[in-house]
Amino acid sequence: MGGVGYIVCVAQIPLASPWPFGPRAAAIFKDINMTSKPVWFITGCSTGFGRELARHTLELGYPTVVTARNVAQIEDLAKGHEDNALLLKLDVTKAEDIESAVKATLARFGRIDVLVNNAGIGYFASFEESEMEEVRQMFEINVWGLANMTRAVLPTLRKQRSGTVVNISSQGGLVANPAVSFYTATKFAVEALSEALSKEVAPLGIKVLIVEPGPFRTDWAGRSANEAQHTIEDYRATSGQRAEMIRNISGNQPGDPVRAAKAIVEAVEAKDPPLRLLLGKQALQNARNKIADLQTDFDAWEKVTVGADYPEA
């Protein structure tokens, strides 16, 4: 019986032996090894979710870009992970910082597989009490910083035809409450941008994950959130009481950032990841309540709603 035969030779090279194919091949081999695991790029790693997520990905052996406005606050995360950790100064409101960080990442690891937009701040005030300078700064970080960071990384993800953008939103991206009207406005914006982006990049092999935490033991309600300097007595029973309640439970919230970090990695690596990942029992209950409230309004006003169309012929 005629045909073509193949002889497969497998060479076993001792790990201790010198690389036999020259320095160029050795460099390529090293680069392949270096990028064999997903490269994570995380913003806002000085505290909270960003810090715990960076710690977790480094413990998994993933190359991780750990960023913060003050690198001194994240130096401890690299200890024992020097080969995989890249610490970078990054203020997401500064275009030059974003460009420099992306270039440094590609120079070191050659790719970006997961971008986590975690950097963000809070602000406590009623709608009327809110100071517009504080509000604009929050939008610069929570919305425009996230958008500019994503736009800087997307060309790499498109070239790779793979990758995931993880945007840290909040249960406040689904449900708005007193004392955080403008904060939740930033998170509603993140939700809309993320949902639209997911539909634009899905054909390119890129995924988007929106993370919606409930109350967690992060610094969000502490030094990461300012509040109005001047209050209005009429809002004391609504915004005032809710802001006080949030401050008072800071440090005792039910959510565990360590478990949240593991949940985020699990969702990113899932075969069929969700678009939205709620974190914590309270977030889940609040989301379900919101769905029920919407359904109630939709059903009650269905006749008026459909009556706004031209009559069918």
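About the centre of its Cα atoms, the range 34-121 shows a dipole size close to 80 debye [charges on the beta carbon of Lys, Arg (+1) and Asp, Glu (-1) only; nearest 20 debye]. Peptides 66-74, 192-200, 302-310 ranked from most to least packed, by the mean per-residue count of other Cβ atoms within 10 Å: 66-74, 192-200, 302-310.
Ranking G80, L277, L294 by Cα position along the charge dipole of the chain, where only Lys, Arg, Asp and Glu carry charges on their C-beta atoms, puts G80 farthest toward the positive end. Length available on full extension from D272 to A192: 0.36 nm per residue minus the Cα-Cα distance, which gives 26.7 nm.
Within the same chain, aspartates and glutamates fewer than 8 places from K199 are excluded, and of the rest, those with a Cα less than 17 Å from its Cα are E191, D272.
Take E59 and D83, extend 7 Å from each Cα along the Cα→Cβ direction, and tell me the distance between the two endpoints in nm. Label at E59, label at D83, 2.0 nm between them. Centre-to-centre separation between the Cα atoms of the range 225-261 and those of the range 97-143: 21 Å. Let me know the Kirkwood hydrodynamic radius for the chain, please, with Cα pairs as the basis and the value in Å to one decimal. 21.8 Å is the Kirkwood radius here. Neighbour counts of other Cβ atoms within 10 Å put W40, W144, W301 in the fewest-to-most order W301, W144, W40. With a ≥ b ≥ c the root eigenvalues of the C-alpha gyration tensor of the range 220-313, is it rounded (a/c under 1.5), prolate (a/b larger than b/c) or oblate? Oblate shape, in that a/c is at least 1.5 and b/c is the bigger or equal ratio.
Every number in this text was worked out from the coordinates using simple rules, so none of it is lab data. Owing to the predicted nature of the structure, the values given are computational and were not obtained by experimental measurement. Don't worry about glycine lacking a Cβ; one is built from the backbone with ideal geometry, like all the others, and counts go over all protein chains shown.
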